[in-house]
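A quick write-up on the structure given underneath.
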Amino acid sequence: MTGFEVTPVYLVAGLGVLVTGLWVWRASVRRARRAADVARQGARLASLASRVLVTAGLIVGVQWIVVTYPTSQWVRLAVLGLPALFAAHTLTRALTITTIDPHPRRRGGRR
């Protein structure tokens, strides 16, 4: 034996190791992407909930001040009515079905 020889058995074994390595790598990338998506959705939900609570606290605070201390009827109407209009608009948009997608989404969220 002189030099470096690659037999067919070594070639097939090396190719098998390479394919197996690529397959394991792709599976780990998919798993990591899925875990990152789940974590991102959880963070979005927590962020949204905290923003909703802070905004609601601000609205309630302003309404409490206006209702507690004597002010004009127009100020009281504006302070109580404006948030009600925003809430009604948001609920109406959230509960209204605007379109129905006839094609179900494929795996992975792509169309």
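For the subset of region 69-94 comprising residues that are among the hydroxyl-bearing types (Ser, Thr, Tyr), outside any helix (DSSP H, G or I) and surrounded by fewer than 10 Cβ atoms within 10 Å (Cβ to Cβ), which member is nearest to the chain's Cα centre (by Cα)?
Within region 69-94, the match that is nearest to the chain's Cα centre (by Cα) is Tyr69.
Among the candidates Arg33, Arg51, Arg26, which residue alone is of a type outside the set (Ser, Thr, Tyr), surrounded by 10 or more Cβ atoms within 10 Å (Cβ to Cβ), closer than 30 Å to Leu91 by Cβ and under 26 Å from the mean Cα position of the chain (by Cα)?
Details: Arg33 fails: closer than 30 Å to Leu91 by Cβ; Arg26 fails: closer than 30 Å to Leu91 by Cβ.
The match here is Arg51.
I need a count of the residues in region 1-23 that are polar (S, T, N, Q) and within 36 Å of the chain's Cα centre (by Cα).
From region 1-23, those polar (S, T, N, Q) are 2, 7, 20; that's our starting set.
Next, from what is left, pick out any that are within 36 Å of the chain's Cα centre (by Cα): 20.
Result for region 1-23: 1.
Each value in this text was obtained by applying a stated rule to the coordinates, not by laboratory testing. Computed from a prediction, not measured in an experiment: that's the story for all the values here. We place every Cβ from the backbone using ideal geometry, glycine too, and count neighbours over all the protein chains shown.
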